[in-house]
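Colleague: Pasting a structure here, questions to come.
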Amino acid sequence: MNQSVDKEKIKLGVCVALWGGIFSWLAQPLIHGNQDAINIIVTVFSILAGFLIAVITLVGDPKSLPSGGWQVAQLGSTSTNNRLVRKKYLFYCYLITLFMIFAAVLMKKSFPQVIILLEYIYLFFGFIGSILSFKLPAALLELQNERIQNEINERRKKEGIEE
């Protein structure tokens, strides 16, 4: 299966990764030993992970497929699958952030030098997750608009009105 590459998404990914590296490099000294900041990160990413599961559930609902024959549904399922894959990777980003913080807390006394590396890692993934999370409200709005349009189209068809 030959899929076209979206150059804008690649540019966004590279930029976000570069900014994530810069952010983690600058923020690591500020986070080191700052338990309050670490607790805030854990709380925020735990909430975001729960919210994202709700979004994934909505995106994956078969009712979000466009109305029409099976061919139309098949084309719509490709778009839905692409959305789900992107949300899955965002969820992984949240989990990596949380697991790195957990590992850092566990190793705090035994391996103090490893903590610094883990802080860079969770700040990097935390930054990426935070930036990409700003797209979630727009994605939800787009999904709901598609569902509303599909429902309008279905009702029009039932009443014999073609688009």
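The values are calculated or read from the model by the stated rules, or taken from the named source; none is laboratory data. Model, not experiment: these values are computed from the prediction. Positions of Cβ are backbone-derived with ideal geometry, glycine not excepted, and every protein chain shown enters the neighbour counts. Keep in mind that these areas ignore ligands, DNA and RNA; they rest on the heavy atoms of the full protein, side chains included. Shrake-Rupley method; radii C 1.70, N 1.55, O 1.52, S 1.80 Å.
Colleague: At a 1.4 Å probe, what is the % contribution of carbon and sulfur to the accessible area of the chain?
Modeller: So the carbon and sulfur contribution to the accessible surface is 68 percent.
Colleague: Take the alpha carbon atoms of segment 32-62, find their center, do the same for segment 85-141, and report the distance between the two centers in whole angstrom.
Modeller: Computed from Cα coordinates, the inter-centre distance equals 10 Å.
Colleague: Assuming R0 = 45 Å, what is the FRET efficiency of LEU95 and GLN149, from their Cβ-Cβ distance, to the nearest 0.05?
Modeller: 0.85
Colleague: Got a sec? Charge dipole of the chain, +1 on Cβ for Lys and Arg, -1 for Asp and Glu; which of TYR122, ASN39, ALA104 is way out at the positive end?
Modeller: With unit charges placed on the Cβ atoms, the residue in question is ALA104.
Colleague: Put a dot 7 Å past each Cα toward the Cβ at LEU58 and TRP25; how far apart are the dots in nm?
Modeller: 3.8
Colleague: Right, next: Based on Cα positions only, what radius of gyration and what Dmax would you give for the chain, in angstroms?
Modeller: Cα-based Rg and Dmax for the chain come out at 20.5, 72 Å.
Colleague: If r is the Cβ-Cβ distance from ASN39 to CYS15 and R0 is 25 Å, what FRET efficiency results, to the nearest 0.05?
Modeller: 0.30
Colleague: Right, here's the next one. What accessible area per residue comes out for the chain, rounded to a whole number of Å², with a 1.4 Å probe?
Modeller: About 68 Å² of surface per residue is accessible.
Colleague: Taking R0 as 45 Å, what FRET efficiency do you get between SER110 and GLN74 from their Cβ-Cβ distance, rounded to the nearest 0.05?
Modeller: 0.25
Colleague: For segment 75-153, state what percent of all Cα-Cα pairs lands in each successive 10 Å bin, counting from 0 Å until the bin that includes the largest distance.
Modeller: With 10 Å bins starting at 0, P(r) equals 17, 34, 22, 15, 9, 3, 0.
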